[in-house]
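A.B. asks: The following block contains the structure, expressed as structure tokens.
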């Protein structure tokens with residue numbers, strides 16, 4: 001039995017198993033970041049890739065099992081991350097997504113040749129990756145609202161190739177429920193953070209996570225979540241009803257006392273509201289022109305390209321007579337929209 005952090009001990013464990021001994025190593029490491037493992041996870045289109053920059057999580061949200069399964073937070077060496085992204089770019093990748101349970105808490109230190117200490121924050125790491133080439137797009141996921149800083153936002157605004165899109169999970173719009181979830185921010189704090197994002201990047205795409213029916217949630221507290229959604233107007237959201245996970249702090253501390261039919265009804269209200277906001281967001285883009293990275297053929301027709309704009313919205317447009325290929329950038333004007341796709345035409 002081998003845990004993910006024990007892969008370096010596999011040869012010894014296999015040797016033990018061959019002699020008939022039971023081999024077990026399921027310990028979680030405080031140092032392992034998988035920095036030397038290749039290949040990285042590539043999307044099937046060959047144009048985009050995912051690069052892990054850290055492992056684990058220190059936040060201890062009461063509904064989440066991640067800290068118990070992936071261990072404490074540890075950040076990869078910045079040099080290895082930049083080298084990996086550069087190698088991907090040289091192999092034809094045109095977009096990298098920096099991955100972590102909470103990327104905004106990324107922090108790595110190393111000693112320079114003169115003995116001084118070099119500190120790399122997430123804002124600095126993004127800048128280093130963005131400087132590889134203006135043709136390499138940079139995305140990231142996921143952010144914790146308490147850790148995303150003005151430095152991160154200003155770095156995003158500074159570099160054209162850092163996509164203006166943030167996934168910022170809120171989970172609930174009620175402060176009492178947020179405290180029970182151990183999210184460490186209030187409703188007002190979250191709303192102010194969204195306001196700050198839009199002050200620095202007015203066109204920034206924003207998505208979130210929402211949980212309905214968390215332990216002891218009342219009808220009024222549910223309505224506060226709907227009200228927060230009305231104020232934030234997310235472009236997209238991942239929405240779930242609360243489901244107790246064995247081993248989590250919530251399972252130990254609280255009773256899962258909201259009836260399932262109430263959870264489902266509240267979730268339906270959340271989904272319906274978000275669908276209306278998504279339709280409105282996409283309709284508002286009609287007439288606008290966006291730079292799009294071509295990711296491949298449209299799912300419905302080989303006569304159309306598909307790709308995303310900086311705000312992470314999928315765009316579909318006819319290939320026409322242009323000599324284009326996957327990985328090219330193109331300007332596309334939006335002529336129509338659904339609740340999940342922008343439909344347009346190439347303008348340059």
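A.B. asks: Let me have the relative contact order for the stretch 41-199, percent, based on Cα pairs under 8 Å that are six or more residues apart. Please report the intermediate quantities before stating the final value.
C.D. replies: On the way: 250 pairs, mean separation 32.7, N = 159.
Relative contact order, the stretch 41-199: 21 percent.
A.B. asks: When a/c is below 1.5 the answer is rounded, else prolate if a/b is larger than b/c, else oblate, so apply that to the stretch 289-346 with a ≥ b ≥ c taken from the square roots of the Cα gyration tensor eigenvalues.
C.D. replies: Values: a/c = 1.44, a/b = 1.24, b/c = 1.16.
Rounded, because the longest to shortest axis ratio a/c is under 1.5.
A.B. asks: For residue 109 and residue 303, what is the calculated FRET efficiency with R₀ set at 56 Å and r taken between the beta-carbons, to the nearest 0.05? Display every interim value, and only then the final one.
C.D. replies: Numbers: r = 52 Å, r/R0 = 0.93.
Rounded to the nearest 0.05, the efficiency is 0.60.
A.B. asks: Remind me, relative contact order of the chain in percent, using alpha carbon pairs under 8 angstrom and six or more residues apart? If you can, show how the numbers build up before the last one.
C.D. replies: On the way: 655 pairs, mean separation 41.0, N = 348.
Across the chain, relative contact order equals 12 percent.
A.B. asks: Any idea how far the Cα center of the stretch 99-148 sits from the one of the stretch 188-253, in Å?
C.D. replies: The distance from the Cα centre of the stretch 99-148 to that of the stretch 188-253 comes to 26 Å.
A.B. asks: As a check on your grasp of the helix formula, calculate [θ] at 222 nm for the chain: sum -39500 (n - 2.57) over DSSP H runs of n ≥ 4, divide by the residue count, round to the nearest 500. Write out the running numbers ahead of the final one.
C.D. replies: Numbers: 10 runs with 108 residues, N = 348.
Calculated mean residue ellipticity at 222 nm is -9500 deg cm²/dmol.
A.B. asks: Please report the antiparallel percentage of DSSP beta bridges with both residues in the chain, rounded to the nearest 5. Could you put the intermediate results ahead of the total?
C.D. replies: Working: 28 of 53 bridges.
Among the beta bridges of the chain, antiparallel pairing accounts for roughly 55 percent.
A.B. asks: Further question on the same structure: Give the label of the value calculated from the structure for Rg and Dmax of the Cα atoms in Å, choosing from (1) 21.1, 73; (2) 22.2, 70; (3) 19.8, 59.
C.D. replies: (2)
A.B. asks: Find the relative contact order for the stretch 289-346 and round it to a whole percent, using C-alpha pairs within less than 8 Å whose residues are 6+ positions apart.
C.D. replies: Details: 126 pairs, mean separation 20.7, N = 58.
Relative contact order, the stretch 289-346: 36 percent.
Bear in mind that the values in this text are calculations on the coordinates, not laboratory data. Every value quoted in this text rests on a predicted model; they were computed, and no experiment measured them. Positions of Cβ are backbone-derived with ideal geometry, glycine not excepted, and every protein chain shown enters the neighbour counts.
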